[in-house]
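The values are calculated or read from the model by the stated rules, or taken from the named source; none is laboratory data. Being a predicted model, the structure only gives us computed values, none of them experimental. No Cβ is skipped: glycine too gets one built from the backbone with ideal geometry, and neighbour counts run over all protein chains shown. Just the protein is used for accessible areas: all its heavy atoms, side chains included, with ligands, DNA and RNA removed. Shrake-Rupley method; radii C 1.70, N 1.55, O 1.52, S 1.80 Å.
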Amino acid sequence: MAKHEKFSYGVSPGKGKNYVQLSHDAGVEASAIREILSVTQGRPEIISLAGGLPDSGMFESEKFLSILSDLTHGKCLDHKGRKIEAGDLYQYAPSEGVPFFFETLNAWINKTEDFGTLENENLLVISAAQQGLDLFAKAFIDPCREASVIVGAPTYVAELNVLGGRSGNLEIIGIPLDEKGMQVEQIWDLPKEKLAKCKYIYAVPTFDNPAGTELSEKRRKELIDISNEFGIPIIEDEPYACLRYEGKKLHSIMHYDDIGCTVRLQTFSKMAAPGLRLGYMAGSKELVSRIRVMLQSSTLCASSLNQYMLAEFMRRGWLEQYWAKVIPVYRERMNAMLGAMDEHLTPYGSWVKPKGGLFVWLTLNEINGDALFREAIKKNVAIVGGSSFFPPNSDKKLHNSARLNFSKSNPAELRTAIERLGAACAALDKK
Ligand SMILES: Cc1ncc(COP(=O)(O)O)c(C=O)c1O
């Protein structure tokens, strides 16, 4: 997790210097991953397994271009059969979303998801999942009050940064993961006072970032039981569910929820393209209406142009076609990496084969993940050491780990990268 420090800067009005003290939020330091990515920039000899991005070579740029042309020339009709005018694309949108996108999205969710029919008041278009995480932290956590939030250990680094920035009075409770995801049964044993001040449980149930695990159905149900028992909302963040390489789709957490305690967050970043910056939140009408007002102070609305583009992309059935194209490619890359790991990394650690997503989590026997990062860079391969993904005060032994991404490199590059990583492990093992 990024460190948090008081931050001030000097200004020089007239003579002398004044120091401007910035807020707690502004004190969050850049994430270690950004620093790692900057080390690799301009060094083509380094194979990077450090990022978490989809392969930009596979984005549907030509299809988006044809849609933009058709929209601009008045060749597209909205959900009510009305012609979309070019000017509509560049206008402000209602804060809940452009009606064409909102209706297309709602119909698509009701057809493909398993949490029952959403009414309009249950749904809100947002500028991708990260905006949702930021708004939830602001909606639930009051910086002046003691609070706690439960997350997986490890978990998504930018959620840790959101939480760290939100409040200095916040305790982030990490619940360890095993091969079936967050060990939610451990939540029952947390001290009562921690549960009493818990604002939400943050879960990435399907192929999480960074560990690539899938939360078992039993644990999904148990999260709802915990939520019912202690009155704690659940945030179900699902960016990777569309990238399934094997096994059958499990029910969402929201599927088991009959009291409205789950907030569902889904992004089109991995489903279509992160540059669109589009996603949605679904939840109780009361919460959605509050977040809609907060969104107005944040971005007013998500990009109109991108909503029209994505709505038309979905209407043409191109979303599912994109998945059908990327899934076999990513599956092949993952298998190439896992095969090389069997060959080169077996003496140094263990891992669970993911069923989808973009990452393999390496648990190291003796080696610290940050030390491995430094050694690996010398051998021209970049990884992210595990420490970035744990809440503060987590057991340092858990930092004997690393996240390996397989979506950006081809199978041959992945095999070379893992061979180099094996050499880096061997070098550290001897020390
Ligand atoms: C678990 C998780 N949640 C949320 C996000 C944010 O994605 P976006 O803001 O692009 O939707 C990411 C991005 O990598 C992620 O891994």
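Descriptive notes on the structure:
- With all protein chains kept in place, the per residue accessible area of the chain amounts to 44 square angstrom at a probe of 1.4 angstrom.
- Computed log10 I(q)/I(0) for the chain at 0.06, 0.13 Å⁻¹: -0.26, -1.22, from the Debye equation with unit scatterers placed on every C-alpha and solvent omitted.
- Fully extending the segment from S61 to E103 would add 12.7 nm, taking 0.36 nm per residue of separation and subtracting the current Cα-Cα distance.
- Residues with amide H under 5 Å from that of Y200, placed H, sequence gap 5 or more: I150
- When the chain is treated as a Gaussian network with alpha carbon springs shorter than 10 Å, the biggest mean-square fluctuation among E193, E236, E121 belongs to E193.
- Ellipticity estimate at 222 nm from DSSP helix runs (n ≥ 4, -39,500 (n - 2.57)) divided over the chain, nearest 500: -12000 deg cm²/dmol
- Counted residue by residue at 0.36 nm each, then reduced by the alpha carbon distance between them, the extension gain from Q91 to E320 reaches 79.6 nm.
- Highest mean first, the peptides 66-79, 194-207, 387-400 sorted by other C-beta atoms within 10 Å per residue fall in the order 194-207, 387-400, 66-79.
- Tail beyond 20 Å, pair distance distribution of the stretch 288-431 (Cα, percent): 59
- Charged side chains reduced to their Cβ positions (Lys and Arg at +1, Asp and Glu at -1) give the stretch 285-339 a dipole of some 60 debye around its Cα centre.
- For the chain, the fraction of 1.4 Å probe accessible surface lying on carbon and sulfur atoms is 51 percent.
- Between I259 and C144, the modelled labels are 2.9 nm apart [label points 7 Å from Cα along Cα→Cβ].
- Paramagnetic reach from E35 in the stretch 395-431 [backbone N under 15 Å; point 7 Å along Cα→Cβ]: none
- Note on the chain: antiparallel DSSP beta bridges, both residues inside, total approximately 60 percent of the bridges counted.
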